[in-house]
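S.K.: Following this message is one structure expressed as structure tokens.
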Amino acid sequence: MQPETRYARCGNLHIAYQVVGEGPPDLVFVPGVASHLEHQWDEPLQAAFFHRLASFSRLIRFDKRGAGLSDRAERMPAIEDEDGRRSSGHGRRRVGTSRNSRAV
């Protein structure tokens, strides 16, 4: 069964993310160049991998800007947004995880 896909705002964009597992710890899975949260569950090896990660953590997955279910950026984003914060902070606050999350 697929987890619910949710969306966090990052400026004018919506970033798609999913949370599966109970944790702790929080484990943030950073995708490669191409990703699609929902289609990855259709691939048996990837689904098994994600279920295994979620068996000992709260797995947080997301589609990067312009990939999968996330909005396309109108221009290339800067490392820091207009407030001087790294854009990854928006997602952490939305999901309710701390800076001490582990990324894989």
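S.K.: Here's a check for you: in the stretch 17-39, which residue that is of a type in the set (A, V, I, L, M) and out of contact with any Gly (no Cβ under 6 Å at 6 or more places or on another chain) is modelled with the lowest pLDDT?
M.R.: Just the residues of the stretch 17-39 that are of a type in the set (A, V, I, L, M), to begin with: 19-20, 27-28, 30, 33-34, 37.
Within this subset, residues satisfying the condition of being out of contact with any Gly (no Cβ under 6 Å at 6 or more places or on another chain) are 19-20, 27-28, 30, 33-34.
Numbers: Val19: 96, Val20: 96, Leu27: 95, Val28: 95, Val30: 92, Val33: 83, Ala34: 86.
The selected residue is Val33.
S.K.: Checking the structure you have, find out if any residue of the stretch 40-48 is loosely packed, with under 11 Cβ neighbours inside 10 Å and either touching a residue at least 12 places away in the same chain (Cβ under 8 Å) or under 21 Å from Gly96 (Cα atoms) (or both).
M.R.: Let us first name the residues in the stretch 40-48 that are loosely packed, with under 11 Cβ neighbours inside 10 Å, namely 42, 44-45, 48.
Now narrow it down to the ones that are either touching a residue at least 12 places away in the same chain (Cβ under 8 Å) or under 21 Å from Gly96 (Cα atoms) (or both): none.
No: zero hits.
S.K.: Regarding Asp63, is this residue farther than 15 Å from Gly96 by Cα, touching a strand residue (DSSP E or B) at 6+ places or on another chain (Cβ under 6 Å) and at pLDDT below 90?
M.R.: No: the conditions fail for Asp63.
S.K.: Let me ask you something else. Examine the stretch 67-82 for a residue that is at pLDDT below 95, assigned to a loop (DSSP other than H, G, I, E, B) and β-branched (Val, Ile, Thr), and state whether such a residue exists.
M.R.: Yes, the stretch 67-82 contains at least one residue that is at pLDDT below 95, assigned to a loop (DSSP other than H, G, I, E, B) and β-branched (Val, Ile, Thr).
S.K.: Give me a count of the residues in the stretch 15-51 that are among the small types (Gly, Ala, Ser) and touching an Asp or Glu at 6+ places or on another chain (Cβ under 7 Å).
M.R.: Residues meeting the conditions: 2.
S.K.: How many residues does the stretch 8-44 contain that are over 16 Å from Asp71 (Cα atoms) and part of a strand (DSSP E or B)?
M.R.: Residues flagged as over 16 Å from Asp71 (Cα atoms) and part of a strand (DSSP E or B) within the stretch 8-44 amount to 6.
The values are calculated or read from the model by the stated rules, or taken from the named source; none is laboratory data. Please read all numbers here as calculations on a predicted model, not as lab measurements. So basically every Cβ, Gly included, is an ideal-geometry build from the backbone, and we count neighbours across all protein chains shown.
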